[in-house]
1. Across the range A:74-129, what is the total count of residues that are within 16 Å of B:Tyr336 (Cβ to Cβ) and part of a loop (DSSP other than H, G, I, E, B)?
2. Tell me, yes or no, whether the range B:221-233 has at least one residue that is within 15 Å of B:Leu303 (Cα to Cα), modelled with pLDDT of 80 or more, touching an Asp or Glu at 6+ places or on another chain (Cβ under 8 Å) and within 14 Å of chain A (Cβ to nearest Cβ).
3. When you go through (1) under 26 Å from B:Glu563 (Cα atoms); (2) without any contact (Cβ under 8 Å) to a residue 24 or more places away in the chain one by one for B:Glu496, which number turns out not to apply?
4. Considering each of B:Ala151, B:Ala144, B:Ala193 in turn, give the residue that is modelled with pLDDT under 85 and closer than 26 Å to B:Gly70 by Cα.
5. Which of the residues that make up the range A:57-67 are assigned to a helix (DSSP H, G or I) and facing another protein chain (nearest Cβ under 10 Å)?
6. Applying the selection to the range A:8-48, what residues are within 10 Å of chain B (Cβ to nearest Cβ), modelled with pLDDT under 85 and open to solvent by 20 Å² or more (accessible area, probe 1.4 Å)?
7. How about the range A:68-114: which of its residues are within 26 Å of A:Asn150 (Cβ to Cβ), more than 8 Å from chain B (Cβ to nearest Cβ) and modelled with pLDDT under 90?
8. Please go through the range B:810-831 and pick out each residue that is buried (at least 23 other Cβ atoms within 10 Å of the Cβ) and in a loop (DSSP other than H, G, I, E, B).
Amino acid sequence: MPTTTMTDMTGEAIAASPNLAACGWNFIVLMSRQGKIRLSEFFSSYSESDKRRILRDISSDILPRAPKMCNIIEKGTYKFVYRRYASLYFVVGVPEGMNELIVLEQIHLFVEALDGYFNSVCELDLVFSLHKSLLILFEMFIGGMLCESNKREVLKAIVEAEELVEEMTKPGEDTASQLDDGLSFHEQFQLGRAPGRRTNQPGHGRR
Amino acid sequence: MPKGGKLNDDGSNPALNTYKRKKYVWKLVYIHILGYEVDFGHPEVLVLVRSSKYGEKNVGYTALSLLMRGDDPMMNSIRSDIVKDLTKPTAAGKSSAPADAAQALAICAIANITGLELIQSMHTEVVQTMVAKSSSANVKKKAALCLLRLARTNPKLVAGRDFVTQIAQLLQDRHLGVLTSSMSLLYGLASQAPNEYESLIPYAVHILGMLVLKKACAREYLYYRTPSPWLQIKLLKFLQLYPHALAQAADSGTTPETSPANGSAHISQLTNIISKILTETDVSDSINKSNADHAVLFEAVNLIICWGSTSQQALRDGAMKLLGKFISVREPNIRYLGLMTMAKLAQLEGSGESIKKHQATVLVSLKDADISVRRRALDLLFVMCDTDNAERIVDELVAHLVIADAAIREEMVLKIAILAEKYATDLRWYVDTILKLISISGDHVSDAIWHRVVQIVTNHPQGDLQAYTAATLLVAASPRRCHETTVRVAAYILGEFGFLIAERPGMSGEEQFRILHQHWTTADPATRAILVSSYAKLANLYEECRPLVAPVFAKSMNNVDVEIQQRSAEYAAMREAFSPEAVEDLLREMPPFEEKKQSALEQRLREKEGDDSAAVVKAARPSAAERKRAAQSAAARVAEEIQSRPQTADEGPASPMRNGATGGNDSEFDRSQKVGIPKEVIPAMRKAFSNLCTSPSGVLFENALLQVGVKHEYVGAQGRISVFFGNLSKAPLSHFRADVEERDHLKMQKQGTQGLLDSDENGGCTVAVRTQAKMLLSVEVVAPFDDAPAMRVSFVTEEGEYHEYPLRLPIVATCFMEPVTLEAGAFMQRWRSLEGQDRECQEVVKAPPNAPEIDEEYMDRIASIITNGLKFGRCIGCDPTPWTVSGAATFRTAAKDMNGNNINVGCLVRVEANPQAGAFRVTTRTLHPLCSKAVKNVALVSIKLA
């Protein structure tokens, strides 16, 4: 099936041999129940049209699934492994031959790390602190492979990095930007996003 | 594309302050994450990467790994900066927190944006960073994964034996994070070149032992009380690369030169570990713990499957038992994986029976609401299918196809078609199944599937398969609306084999045409092309069809479709352009198809599932039913060749004679090593048979082992036939049996050497070297007939080879003739009175190619054939020229008419020669059609031999 012709940066196709590919995730996409993308990272190189097809497949294949169904969907040479947390789907693309159950737990590990950082994470946290979730993702997964399974160590690394930023920034320069996601409400509105409140809204979007 | 004016303005502004630049870059990242292409603002990213401040670097590298591709020309300018970040702490010899962090960022970015150029310039630095003593654990583990990512892009870069020691060193690291990453690296590298890393198996087993047996694991790395499942998985995956590890360890244990203690110690430890995983994994309340444990468990089962028969039977049984449990649990993920793993396990020798026990459970999963589970269940059913359960599984699948949704239908149809073909013990069932597929889900039945039906039906002339298929398809195509594919198969099959059913009520040639032609207007061009060919064949066979077909051809000669146009034009012109014989030849049945090694269906399956899926392996293996069928058709082909000979093209394949000879064989096909008549003796056999038809004694069959001689004499309707079976070989032939077919028209009494006539498989007599077994037949003919009784000779040689020769006894109608001498006038009177459709038979035969010119001497020989061979009385005087020979005889039967007189049939024959053409025309006229045919056949054969 030509759905995942992974093209290397140099344009040379990576052989879709299972042995070569069985190393890690191909991509991770966080998608809301309404089909909005909250986070996406493609570890393998995909062409723009392949990416679009994958995103479309996710919303058409996964979102309508009943909760009692299994969390694996075969897509020819790769599989979707997904987990649902409240209204948010964590979808990972893995090559054939990877242990699907452990991928499910890797997703959960990532969610636990997010949870630890945001102190009970919700969808809005991810919307407003995209940069933080990306940093956590990159700290835990490199090239689609699990790098650190110790949540504490991951969070320590993130906190250390934040401290480092503060240390090296002259007082008063732009510390505010570290907490802020860089987008004003107005700008978010322009991007087609309803502005939400950063403060906790009990029961809304909580896990 | 939300490309706000503000963004564009910002991008071209070099004088941004830090805050604004970071904010701008985060916006780009955000847009990218939403799935839009971001091909602007990259210079700002580079500025951030180059910054000396960690805060800016952090943002820069994150954006870099998300937004930029390795082949971006801008990457060239940034490369040196990345290398600087990568090497700074290593070069300095000591690591500071900010430099370390920057190094980690750089590594992470390299891993995420691999491009070939980037790798070439950086892989050495990454390797150095990974093994340097000064690198922190955090950096080491990231470097290992980064290296793996590079190796995946270009396997040649990271290789070599010296690298093994470096990994071995990493594997001794106490830090579990580093271990996990190193194991990922090792697994990735080893899967590219397993041999180079084989020496590391003991390390892997040791770590696994620590985790599983001793549960030695730092508290932070316990995942829901399971010691680092991630690492366990990696280790088990790595071990799966060495399926022969067990066997090798067993070997090295017995050879003295290797150290047996070390060689097998870790292997026995490994076996302990695996059995511990199998027995101690338990269902737990927490879904996360259960998932992690089962993930490890499935990997362990995979490892056992990898080892195959080299693993202990207890392990395999344990795995089987577990999987049997898994496929019936409610948890969908476990069930899914259980089905998948069981399909893999089914490939192991000897697992078939235990898997079949779960058939009912799997069938339940086939009806699951979840497409993923259904797919796996289908796959498993496919793999577990064999001759015993094929019919039930295929019927279940067909029944399920009715309600199956579109997503899985094509796959199901393909698999059903393969199974039905592979395991059909009765090919009629196969044909029925495919027809059902077409009627239920015709759109998913690819051309390859129905082509295969045609192939199989054409290649299996035995039994009534062809007639059955023709009749079934005629019925299937009868409704006004039916699927296009049905019309195609029906058109092809009726064109080829329609004649077999033409005599049945409501299935005449005309009916066949009418039924096919009702679909003409709705058929697409490809179907119409097939229809045109079928019409041509029908018109050739049935004269009443010709006026119906002609207008169709005439109209289609102007068809837009080139193929239809060409076919119609050619078929229409054929009759004028060629002689009737040539047309006959052109429109004859197609010859059998070549048996290809891999059918088109298997090809298709391979395309869909990849080379190493369990289903593909399964499909490629021939089933018992297939082998049996192949043997059957090979044997039948030989029999066919012998039997088709004595009567020329006089009867269709549906003749009861042929069925009688081949149909009886079925029970004996379990004798696998069957030797039939070698091809090379067949021409000599035909000649011997023909000779014997007209001479009182001779040799019927001879090869290196056996000689069969026949002596026969007849008085009126009775005959005595002696058959001698001489052993020419140097060893006795055992289980020697001769089985003569009983026919209604011949009353027969058989006597023979003790045991020779046994009907029991294991009976028979033994014929010693240079001796003969003898059979004596007394026959009495009661009705006209036109064929010869079959005799099956079978025996077992000393080497245990089972030989079976289908032969025919030369008892033909002319044996029972009594010459009649007629006056010329009386002959002509009777000759004329017998003129008419079925009483007359006529055929033209060429003189043999090596024969002399036809002269009077030649004609004398023909005359002697008629008088001596055929036992006809020559009618002198009614032949005006020397080029004709006429004769008369009575065919005597023992049957009595109402008055108690024997029924006799008067027969007349006339041979006319055409010396210019070197041909003879044989005409026979008798009171009984079969007699005419029989006399004509014998005459033809004899003339050919003259």
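The values are calculated or read from the model by the stated rules, or taken from the named source; none is laboratory data. Keep in mind it's a predicted model, so treat the numbers as computed, not measured. With ideal geometry, Cβ positions are generated from the backbone for all residues, glycine too; neighbour counts draw on all protein chains shown. Surface accessibility is based on the protein's heavy atoms, side chains included, excluding ligands, DNA and RNA. Shrake-Rupley method; radii C 1.70, N 1.55, O 1.52, S 1.80 Å.
1. Matching residues across the range A:74-129 total 4.
2. The answer is yes; a qualifying residue exists.
3. Against the list (1) under 26 Å from B:Glu563 (Cα atoms); (2) without any contact (Cβ under 8 Å) to a residue 24 or more places away in the chain, B:Glu496 comes up short only on (2).
4. Numbers: B:Ala144 fails: modelled with pLDDT under 85; B:Ala193 fails: closer than 26 Å to B:Gly70 by Cα.
Going through B:Ala151, B:Ala144, B:Ala193 in turn, just one is modelled with pLDDT under 85 and closer than 26 Å to B:Gly70 by Cα: B:Ala151.
5. Applying the first criterion (assigned to a helix (DSSP H, G or I)) to the range A:57-67 yields A:57-61.
Residue satisfying the conditions is A:Asp61 alone.
6. Result: A:Thr10, A:Gly11, A:Glu12, A:Ile14, A:Ala15, A:Ala16, A:Ser17, A:Pro18, A:Asn19, A:Leu20, A:Glu48.
7. A:Ala86, A:Pro95, A:Met98
8. Result: B:Pro810, B:Ile811, B:Val812, B:Leu822.
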